Amino acid sequence: MPRLVLDDTRLHPAIRDTVDHLHLEVVHNVQAASMSNAVLVVGMAGNPFCKRARKALDAAAVSHHYLEYGSYLSRWRERLALKMWSGWPTFPMVFVRGSLIGGADNLAKLIATGELKRLLA
């Protein structure tokens, strides 16, 4: 079952452009980075789960690209646009070969089971 998104026909025409373009440049940046890097971590400063994900990748000797969007008190609107686009509610957002695999805990499971290495092979 696909996740629910408010149908465009239920948006008043006066706000449709705002909804369609809300921090679109940030979303495009993450899309492009997820497609051009085998592993991408999208995070924020001060979040221990973002640090945990990056340390886990380093410990597993997996090269990765990191994009940081502010901290708890800054750039939250851009992070909200990423959450709305991806459907993933927290940071980090970890992408492997362009697919969102989840956050730090999901990444740790993929590393522990060897699935990450298989995805990157």
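The values are calculated or read from the model by the stated rules, or taken from the named source; none is laboratory data. This structure is a prediction, so every number in the text was calculated from the model and none was measured. Because the Cβ atoms are built from the backbone with ideal geometry, glycine has one as well, and the counts that use them run over all protein chains shown. These area figures cover heavy atoms from the full protein model, side chains too; ligands, DNA and RNA do not enter into them. Shrake-Rupley method; radii C 1.70, N 1.55, O 1.52, S 1.80 Å.
With a 1.4 Å probe and every protein chain left in place, tell me how much accessible area K117 has, in Å² to the nearest 10.
We get 110 Å² for K117.
What chymotrypsin sites (Phe, Trp or Tyr not before Pro) in the stretch 69-119 are in a loop by DSSP, with at most 14 other Cβ atoms within 10 Å of the Cβ?
When the chymotrypsin sites (Phe, Trp or Tyr not before Pro) of the stretch 69-119 are filtered for loop state and at most 14 Cβ neighbours within 10 Å, Y72 remain.
Keeping the other protein chains in place, figure out the carbon and sulfur percent of the accessible area of the stretch 71-121, with a 1.4 Å probe.
Result for the stretch 71-121: 60 percent of the exposed heavy-atom area is carbon or sulfur.
Name the most mobile residue of I15, I111, I101, meaning the one with the largest mean-square fluctuation, in a Gaussian network model of the chain with Cα contacts below 10 Å.
Maximum fluctuation in the GNM of the chain, among the listed residues, is at I15.
At 1.4 Å probe radius, can you tell me the per residue accessible area of the stretch 24-106 in Å²?
For the stretch 24-106, the solvent-accessible area averages 51 Å² per residue.
Below 14 angstrom from the Cβ of Y69, what's the summed charge of the other residues (Lys, Arg +1; Asp, Glu -1)? Walk me through the numbers before you get to the answer.
Details: positive: R75, R77, R79, K83; negative: E25, E68, E78.
Result for the neighbourhood of Y69: +1.
So for the stretch 56-121, Kirkwood radius off the Cα pairs, Stokes-Einstein at 25 °C and 0.890 mPa s: how many µm² s⁻¹?
This corresponds to a translational diffusion coefficient of 190 µm²/s.
GNM on the chain, C-alpha springs below 10 Å: top fluctuator among D105, D58, D20?
D20
Sum up the charges of everything whose Cβ sits under 15 Å from the Cβ of A56, counting Lys and Arg as +1 and Asp and Glu as -1, but leave A56 out. Walk me through the numbers before you get to the answer.
Values: positive: K51, R52, R54, K55, K109, K117; negative: D58, D105, E115.
So the environment of A56 carries a net charge of +3.
Kindly give Rg over Rh for the chain, based on alpha-carbon atoms, with the Kirkwood expression for the hydrodynamic radius.
Rg/Rh: 1.02.
Quick one: check the C-alpha center-to-center distance for the stretch 1-26 versus the stretch 61-116, whole angstrom.
That distance is 22 Å.
Rounded to the nearest 10 Å², what accessible area does R16 have for a 1.4 Å probe in the complete protein model?
Answer for R16: close to 80 Å² accessible.
Reachable lysines from K55, Cα under 19 Å, same-chain residues fewer than 8 places away excluded?
Reachable lysines: K109, K117.
In deg cm²/dmol and to the nearest 500, what is the mean residue ellipticity at 222 nm of the chain if only DSSP H runs of at least 4 residues count, each as -39500 (n - 2.57), divided by the residue total?
Numbers: 6 runs with 61 residues, N = 121.
Dividing the helical sum by the residues of the chain leaves -15000 deg cm²/dmol.
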